[in-house]
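Single-structure report; data block below.
The values are calculated or read from the model by the stated rules, or taken from the named source; none is laboratory data. Small disclaimer: the values here were computed from a predicted structure and weren't measured. For neighbour counting, all protein chains shown are included, and Cβ atoms are generated from backbone atoms with ideal geometry for every residue, glycine included.
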Amino acid sequence: MMQDKITLYFNLLNNSAQLLVADMDMTHTDALIEIMEDFSQQKVRQENGQPSADVVKKIEMAMTEVDWQHISTIDLRKAVQLAVLNANREDQLPANYQITPDGIGYLLADLIDKTGFVDNAKIADMTVGSGNLLWTVKNLLQKNKKSATFIGLDGDETQLALASATNMLLRDETIDLYQTDIVDTKEKISADVVIGDLPIGYYPLSGHNDLIMSQIDDRPFVHELMIERSLDLVSAQGWIYLIVPANIFNTGHTKPLLKMLASKAQLKAFLRLPLEFFKTKDMQKAILVLRPKGISTKGEVLMGQYPALKDIKTLQDFLQEIDAWVKLDKELNQ
């Protein structure tokens with residue numbers, strides 16, 4: 001029954017977006033943004049005769065098929081995820097635009113809940129994109145009766161519009177979104193928790209002499225710059241949880257990266273994510289956990305590899321190892 005509802009919501013969103021694509025010669029992503037905004041406001045926006053009256057009528061009919069203001073947020077979010085995935089595929093967007101899978105988000109959220117969460121925490125996603133990772137973290141913390149405020153940052157106007165439209169449709173007013181080039185930003189948001197599924201590739205702009213990793217060569221890696229920048233976004237007592245390439249400490253930049261981290265941060269954990277989330281081992285990612293340099297902490301760095309999620313017993317054993325490390329870390333640093 002639940003899957004039938006999700007399929008219905010997805011078809012209504014996707015089919016309506018396809019009507020706009022055909023009628024107005026726009027991308028699937030832009031069309032989906034427009035449809036989610038229209039559905040949330042229960043009114044089709046029309047400018048200069050576009051979309052056509054016939055398309056407006058068809059979209060209005062789709063609006064009336066369900067009560068968008070009162071349906072399950074969980075079901076609707078899953079439908080939106082499917083619609084975003086479909087739009088990404090239709091627009092042939094590169095890998096950096098793909099949404100963070102819920103499974104990865106839940107592992108990261110669980111780690112936050114166990115280690116770096118404080119009451120009424122300010123949680124900032126430095127690469128919020130369409131918002132899926134931040135939504136996953138928010139949902140798990142709310143499920144565990146934890147209170148927090150949420151901020152999403154991104155330099156891509158379209159991705160932020162997608163996140164905003166999703167929030168509107170899901171009737172969520174608890175996430176504040178801001179457009180900024182996170183590498184170039186001078187924002188000092190002092191978040192208790194900074195998260196991010198970092199894009200991979202070269203940073204296209206020059207400059208940023210305040211970042212050590214920008215001086216390594218003429219074409220710095222954007223994820224390395226963002227790792228360093230995350231330390232400017234976190235509070236003095238805060239925690240940072242970043243999704244990074246699993247081979248990040250096995251590249252030509254390993255020595256300067258480790259040197260930068262030694263001068264600015266404390267490495268708390270490095271946990272490789274389950275291989276099942278990735279098409280190849282070369283695409284595998286890991287969760288990098290950091291704290292600011294100024295905090296005096298004791299204890300060992302937590303290193304490991306999450307087992308396959310379907311291997312329940314092994315996964316439970318691994319999570320117990322994390323729990324034991326968390327307990328010891330807290331005892332040593334009280």
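For this structure, a couple of remarks:
- The number of residues in the range 115-131 being surrounded by fewer than 24 Cβ atoms within 10 Å (Cβ to Cβ) and either among the aromatic types (Phe, Trp, Tyr) or at pLDDT below 95 (or both) comes to 7.
- Complete set of residues in the range 310-323 that are surrounded by 11 or more Cβ atoms within 10 Å (Cβ to Cβ) and hydrophobic (A, V, I, L, M, F, W, C): LEU315, PHE318, LEU319, ILE322
- Residue in the range 148-159 that is crowded, with 18+ Cβ neighbours inside 10 Å, closer than 23 Å to ASN120 by Cα, of a type outside the set (A, V, I, L, M, F, W, C) and touching an Asp or Glu at 6+ places or on another chain (Cβ under 6 Å) present: yes
- Candidate set: the range 81-101, residues that are in a helix (DSSP H, G or I) and among the aliphatic types (A, V, I, L, M); chosen: the one modelled with the lowest pLDDT: ALA95
- Whenever a residue of the range 2-25 is in the same structural domain as PRO51 (by TED's automatic domain parsing) and of a type in the set (Val, Ile, Thr), its partners that are surrounded by fewer than 20 Cβ atoms within 10 Å (Cβ to Cβ) and part of a helix (DSSP H, G or I), lying with C-beta atoms within less than 9 angstrom and at least six residues away or across chains, give the pairs ILE6/ASP75; ILE6/LYS78; ILE6/LEU82; THR7/LEU82; VAL21/ASP30; VAL21/GLU90.
- Among residues of the range 58-67, those that are of a type in the set (Val, Ile, Thr), surrounded by fewer than 17 Cβ atoms within 10 Å (Cβ to Cβ) and touching a helix residue (DSSP H, G or I) at 6+ places or on another chain (Cβ under 8 Å), counted: 1
- Candidates in the range 297-309 are the residues that are assigned to a loop (DSSP other than H, G, I, E, B) and exposed (fewer than 13 other Cβ atoms within 10 Å of the Cβ); of these, the one that is farthest from the chain's Cα centre (by Cα) is LYS298.
- Of all the residues in the range 28-57, those that are surrounded by 17 or more Cβ atoms within 10 Å (Cβ to Cβ) and not β-branched (Val, Ile, Thr) number 11.
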